[in-house]
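In what follows, a single structure is set out as structure tokens and then discussed.
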Amino acid sequence: MSELDPKARINLSKAIVLIVETTSHAAEMLGQILKGFGVAETHRCVSATEAEKLLRTRTFDLILVDPDVKEGDGYALLRNLRSSMVEPNCFAPIILMSGHARVSKVKLARDTGANFFVSKPIAPNILLERILWVARDKRPYVEAGKYIGPDRRFKFEGPPPDSDGRRSSDLKDPLGEASDPNMSQNEIDGLMKPQRVMI
């Protein structure tokens, strides 16, 4: 990920953010960080139950969740939101934040439909970079088996080896013969040869 341009102008004043944290103190701290980014409206919860009620009645532009939130697993909250298909919140960008950033937890976040995972303690500049990355993210939302969320592929490098792929856009048949004859090396050299420009 490229670093945030220090000259970039960002306006988050109209963003509405839901914070789901393990304690009211942690939610308050995160709310203050977001206020420093220019976010005017935040809603803070310390339980999955409280968050689910808000998600049914309010629309959010961004959701920040600690998966260890009490009264229910934050991963389950995310999975339930994605599968609820209650628009537009089911498509809202979701960033999970946890002090337990083991590979298994990051994979679980990805497989439950999170857009990004940030490890705690949270550095404000890192959080802002992740928020901006999520805002620019162009991955489509997909439904594949039990998974609903942003496409888990960050880049396309073709189907996995020894596989025809899983998506309709993956090429399943071997490539056919060229429709035109191959270029000779002289023709290729002619295309690549620097040309003198007369002014």
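Each reported figure results from applying straightforward, stated rules to the coordinates on display, with no laboratory input. Everything quoted here is computed from the prediction, not taken from an experiment. Every residue, glycine among them, receives a Cβ derived from its backbone with ideal geometry; neighbour counts consider all protein chains shown.
When a/c is below 1.5 the answer is rounded, else prolate if a/b is larger than b/c, else oblate, so apply that to the range 16-150 with a ≥ b ≥ c taken from the square roots of the Cα gyration tensor eigenvalues. Verdict is rounded for the range 16-150.
For the range 25-70, the set of trypsin sites (Lys or Arg not before Pro) satisfying both a DSSP loop assignment and a count of at most 14 other C-beta atoms within 10 Å is given as Arg58, Lys70. For the pair the range 24-63 and the range 71-97, the centres of their Cα atoms are 14 angstrom apart. Amide H contacts of Ile16: Asp61, Leu62, each under 5 Å away and 5 or more positions distant or on a separate chain (H built 1.01 Å from N in the peptide plane; Pro and chain starts excluded). Counting beta carbons within 10 Å around each of Glu52, Glu87 and listing the fewest first gives the order Glu87, Glu52. Between Val69 and Gly74, the built amide H atoms are under 5 Å apart, and every one of these is 5 or more places off in sequence or on another chain.
Pairs of Cα atoms nearer than 8 Å and 6+ residues apart set the relative contact order; for the range 16-150 it is 20 percent.
Using the number of other C-beta atoms within 10 angstrom as an exposure proxy, rank Leu132, Leu81 with the fewest first. So the ranking, lowest neighbour count to highest, is Leu132, Leu81.
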